[in-house]
Structures are given as C-alpha cells and as structure tokens.
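First up is the structure itself, then whatever we jot down about it.
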Amino acid sequence: MRTAQISRKTTETEVNVILALDGTGIGKISTGIGFLDHMLDHVSKHGLFDLEIKAKGDLYVDHHHTVEDVGLCVGAAFRDALGDKRGIRRYGSASVPMDEALANVSLDFSGRPLLVFSNPLANRTAGEFTLDLIPVFLQALADRAGITLHASVNAAENPHHAAEAVFKALGRSLRTAVEVDPRDKNIPSTKGILE
C-alpha cells in the first residue's frame, strides 16, 4: 500500500493530508484558498493520485503560511508513501500547454531537495492569489519530499493559465516518477540508496 497520512499543527495552520499514489485522480481539497484548491486538484487529476487535503490557516494575515504548510505536508506524504523508493522510476518530466501558456516540470526523487523556478509572471495575481506563492509551495514540496525540482513557465499572458500549466505538469511529472518500473525492482541509484 503506497499511502500516507500526514498531520501538522502550528499556531499558524492546521493541515491534514491523505495520499494514495496508486489512485484514480480523486481530489478532495479544502485549504480555504480557492485558487490553491483548484491547482492541487490538477495535481491529483493529472497524477492519478487520490489526494485529500484539509487545511485551516491564518488567512487574515495572508496566504503564505497555509500555502507553505500545505506544501510541506504534501511533500512529507510523498516521502512516506514511497518508503525506500525501491522499484520507482525516480525521474519525471512533463511539458504542458494551457492555451497560450506553456510550462515544463522535471523532477528527481534524489533525496537532494532543490528548487529551480523560472516564472516571468512574478508579482502578478490570479484572482486574489499572488503567483509569487507558487515557488513557496514548490520549495516546501521539494524540501519534504526530497526532490530536485525544475519548473519553468516558457510562455504565458494569462496568469491563471500559467499557474495551471505548472500544476498540471507537476502532477504528470510526479506520476511518472513514482510509477513502479516493471523492469527494475531495486532502488534506482548506483549508490543503492535514495534518502
């Protein structure tokens, strides 16, 4: 069973995540931030993950704490669900167009957390959601999941389309990386370990 359940409670947020890697793409997501819910639903759908997220945060301050803590919990859920990472493909990459927007995501469950993010729409918003929070989520995810994550928006005019392309590409990249490789049941590393 490649599943995980993560809970985190601080003075700023309370987050609960349930993840099934071998799901059907059912997302039940409620963070109090409608745009974030919409983006995470794309990760669930395009990754074929069953993902349940319930979060309450100090949204009267801003969205930052909730976005970051949801990212931390989703990342921890991937880490726990994968265990020692035996038999996974490890790498995933996807290029996703969303109308005029194009995003690319490539990632590696290397155990070496790193985010490289290129976004020409910084300081822009989609509704009330500032796109500067996308790398906050991605960094938290990468840190807790132990992934090297490269994401870029190569073309976009509409900020909603740009964000949507990133999260769809993220879902598809994660899906590929966590798939079980039928040809290799070992840990996919010459070191024999992925932390």
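Need one number: nm distance between label points at Asn123 and Lys54, each 7 Å from Cα along Cα→Cβ, rounded to one decimal.
4.1
Quick one: of Lys56/Lys191; Lys168/Lys191; Lys54/Lys168; Lys28/Lys185; Lys9/Lys45, which pairs are farther than 29 Å apart, Cα to Cα?
Cα-Cα > 29 Å for Lys56/Lys191; Lys168/Lys191; Lys28/Lys185; rest within.
So what's the Cα pair-distance distribution over the stretch 3-178, bin width 10 Å, in %?
Pair shares across the bins are 11, 43, 38, 8, 0.
Volume per residue, Å³, of the convex hull around the alpha-carbon atoms of the stretch 24-98?
110
How far apart, in nm, are the 7 Å Cα→Cβ label points at Ser95 and Arg112?
It is 2.5 nm.
Let me make sure I get this right: for the stretch 56-110, a, b and c are the square roots of the gyration tensor eigenvalues over alpha carbons, sorted descending. Under 1.5 in a/c it's rounded, otherwise prolate if a/b > b/c, else oblate. Which is it?
It is oblate, given that a/c is not under 1.5 and a/b is not larger than b/c.
Where a number appears in this text, it was derived from the coordinates with a stated rule and is not lab data. Note that the structure is predicted; figures quoted are calculated from it, not measured. Positions of Cβ are backbone-derived with ideal geometry, glycine not excepted, and every protein chain shown enters the neighbour counts.
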